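The values are calculated or read from the model by the stated rules, or taken from the named source; none is laboratory data. These numbers were taken from a predicted model, which means no experiment stands behind them. Note that we place each Cβ from the backbone using ideal geometry, even for glycine, and neighbour counts take in every protein chain shown. These accessible areas exclude ligands, DNA and RNA; they are computed on the full protein's heavy atoms, side chains included. Shrake-Rupley method; radii C 1.70, N 1.55, O 1.52, S 1.80 Å.
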Amino acid sequence: MAVRFASARIDERGKASGGQAGDQTGKEVSIQDWYKHSKGWIVIRPKSNIVAEEIAQDMEWACDNPNIGYDQNERLTLYNAAKKVGFNCSKVTTRVETDCSALVRVCLAYAGIMVGNFTTSGEVTALEKTGQFEILREAKYTDSPDYLKRGYILETKTTGHTGIILDNGSKIVTEVMATKKPVLRLKSLSGTYTTTGKLNLRNGAGTENKVLVVLPKGTLVHCYGYYGLSGLTKWLWIEAKVNGIKYTVQEPRPGSGARNSFPSGHTATAFTGAELIRLEYGNGYGIAAYGITTAGVALMRLYNDRHWLNDIVAGAGIGILSANIAYWMLPWERKLFGWDNSSRQRIALMPTYNTTFKQYWADALCPVLTRHYQ
């Protein structure tokens, strides 16, 4: 499978400046397969896996946002707009412009690395001075995508172009599930938790174990009471969601080309809610809910060129099916976990279209996890 490379490329007229604000073609800021540049590449590798993931995530958001276009003369308008929303490119709602190096700078800021205004002629020097990156010039990194990882930054050897790698190369072996198993259990630890900050999930209890996945703030994780000890500190053995269908099928979006189009997550979520309303309150309310979700979500995803029709249909079907399976599972869950109507601690299990539960060790059980109660 090809390794994807994302960047701000050129305006709608094939020129460096003078076009309209925003992405007029869906290709001004977009994703393409890795290629060997005529000037050759230098690779800028983040030292932190967390930083690498956040850089790549923000770049994907930029490529998926039609408000962000290309213009060298207006290159700082994205930076100024993104600054107001924490440099999250998915939240930029005004028509703005950027160029390749200015966009990389925004992605760095989202990851918490603040760098002064730079262009491709000084990018390597500027990033190396932060102490957060390593500069790679070996042929195994510059002449092939095989050893590149998500979040690596590519810069031409002389003034020219820069962008961000979105996939791991074929020679990169990625662990996706912890192999060390727990031996201790305390039922009072069971429950659903939310991450209140970035959370490292590791292969075992203790910071000496490898980080396998980094969960963003606001992610739900589940614990069934299993834990391990690192010194006197309890580490939870948890289940967390990792991307499934979207990053397996990798269907390109109609606008940006980002390979996470199938199925439509917005539609799946909306139709899950509509079906739950129908099941709870009857067909009358259900019809109204379906009318809102169809017009307000599904059709708008098509109108705004975010999805193909098959993405919408699949998302709707998966949402409806998930709601019905959840209802079918609830009596079994009550028996399995010994719940009764007086219990304050509840966990609801429901299948979802784009996530798979994998097991990991939660980092340090510090203030990063908040317990859910009813």
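Around the amide H of Gly163, modelled in the peptide plane, lie the amide H atoms of Leu154, all under 5 Å away and 5 or more residues distant in sequence or on another chain. Only protein heavy atoms count here; under a 1.4 Å probe, Arg185 has an accessible surface of about 140 Å².
Which whole-number percent gives the relative contact order of segment 1-104, counting Cα pairs below 8 Å spaced six or more residues apart? Walk me through the intermediate numbers first.
Working: 183 pairs, mean separation 34.8, N = 104.
So the answer I get is 33 percent.
Amide H contacts of Leu148 (H built 1.01 Å from N, in plane; Pro and chain starts excluded): Gly169 sit under 5 Å, all sequence-distant by 5 or more or on other chains.
Couplings 3J(HN,Hα) for segment 290-297, derived from phi with the Karplus relation 6.51 cos²θ - 1.76 cosθ + 1.60 (θ = phi - 60°), are 5, x, 5, 5, 5, 6, x, 10 Hz, where x marks Gly and Pro. Per-residue 3J(HN,Hα) values for segment 163-171, derived from phi via the Karplus relation 6.51 cos²θ - 1.76 cosθ + 1.60 with θ = phi - 60°, read x, 10, 7, 10, 9, 6, x, 5, 8 Hz in sequence order (x marks Gly and Pro).
Each Lys or Arg adds one and each Asp or Glu takes one away; over the other residues whose Cβ falls under 14 Å from the Cβ of Phe271, this sums to 0. Counting only other residues whose beta carbon sits under 15 Å from that of Glu134, what net charge do I get with K and R as +1, D and E as -1? Net of charged neighbours comes to +2.
Per residue, how many Å² of accessible area does segment 15-112 show with a 1.4 Å probe? Write out the running numbers ahead of the final one.
Numbers: 3930 Å² over 98 residues.
Ligands and nucleic acids excluded, the figure is 40 Å² per residue.
Computing the accessible area with a 1.4 Å probe over protein heavy atoms, can you report the carbon and sulfur percentage for segment 1-81?
On the way: 1530 of 3380 Å².
On segment 1-81, the fraction of accessible area on carbon and sulfur atoms equals 45 percent.
Shown here: segment 1-150, whose C-alpha atoms stretch 40, 30, 29 Å along the first, second and third principal axes, sorted largest to smallest.
Once backbone amide H atoms are built at 1.01 Å from N, Gly69 has Gly22, Asp23, Val96, Glu97, Thr98 as its partners under 5 Å, excluding neighbours fewer than 5 places away on the same chain.
Peptides 304-316, 265-277, ordered by how many other C-beta atoms sit within 10 Å of their residues on average, highest first, read 265-277, 304-316. Taking θ as phi - 60° and the Karplus parameters 6.51, -1.76 and 1.60, the scalar couplings of segment 25-40 work out to 10, x, 10, 5, 10, 7, 10, 9, 6, 3, 9, 8, 6, 4, 8, x Hz in sequence order, x denoting glycine and proline.
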